[in-house]
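Beneath this line is the structure, given in structure tokens, with notes to follow.
The values are calculated or read from the model by the stated rules, or taken from the named source; none is laboratory data. Every value quoted in this text rests on a predicted model; they were computed, and no experiment measured them. Here Cβ is always computed from backbone atoms with ideal geometry, including for glycine, and neighbour counts include all displayed protein chains. Note: areas computed on protein heavy atoms with side chains; ligands, DNA, RNA excluded. Shrake-Rupley method; radii C 1.70, N 1.55, O 1.52, S 1.80 Å.
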Amino acid sequence: SVYHSWQPSIRKRYSNGLLLNFSYTFGKVIDNMSGDPIGTGYSASSSSAMDSNNLRLDRGRADFDQSRVAILTWIYEMPFGTGKRFLTTNNRVLQTLFGGWQLQGFNSNQSGEPFSISSGAKIYQFGANARVALTGATQPSDALVPGSLGPVFFTSTNGFQLATAGTTGIGRNTFQGPAFWDMDGAFSKTFPIKEKVKMSIRVEAFNALNHPN
């Protein structure tokens with residue numbers, strides 16, 4: 001496999017208690033065979049070689065390749081309590097109630113992963129299914145069709161045909177699936193117990209906007 005990328009990042013802390021971290025990745029992974037490892041633990045390959053004597057037939061974007069990934073994380077310390085802008089009183093009750101609160105967020109935006117389209121017909125060596133051949137320009141969508149278990153990338157097969165005898169169809173991972181974005185959040189408070197001991201309570205929300213991907 002081969003991986004190249006450009007990965008800038010920015011980190012900024014403001015005097016008002018806000019900390020921002022932003023990172024961006026623009027890259028590409030190329031290999032002969034792979035499997036998407038997300039949620040599968042130690043995963044075997046999701047595909048078979050078209051021809052074990054010519055692995056370059058399967059050279060293309062890796063199954064887990066995401067060309068663009070943008071991540072934003074932030075922490076905001078609420079301006080209440082000792083050393084903050086408001087409620088700087090030494091009153092222990094007020095400090096316990098209003099001091100030490102934090103808001104935190106995580107935002108992720110990622111481009112879609114590539115995928116191949118099988119023709120359902122065996123290649124001439126019968127070792128794997130051939131990929132389809134194209135009859136014209138076609139682009140995937142993420143339409144929702146009643147009765148289907150998930151998005152329908154192609155609502156018509158007019159742009160495809162069986163690969164001709166002795167061929168393996170189009171290249172591996174020619175098409176790209178839909179993008180992914182997510183927003184997580186957290187609300188936490190720290191209680192000082194002793195000079196070197198603190199206790200925290202934390203409430204977290206994953207996919208806080210309940211957004212489907």
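Points worth noting:
- Some residue of region 117-129 being farther than 21 Å from D58 by Cβ, open to solvent by less than 40 Å² (accessible area, probe 1.4 Å) and either assigned to a loop (DSSP other than H, G, I, E, B) or not basic (K, R) (or both): no
- Failed item, numbered, when V132 is tested on (1) aliphatic (A, V, I, L, M); (2) farther than 30 Å from S52 by Cβ; (3) surrounded by 15 or more Cβ atoms within 10 Å (Cβ to Cβ): (2)
- Sub-8 Å Cβ pairs linking a first residue in region 50-70 that is surrounded by fewer than 16 Cβ atoms within 10 Å (Cβ to Cβ) to a second residue that is part of a helix (DSSP H, G or I), at least 6 apart or interchain, are D51/L57, ordered by first then second residue.
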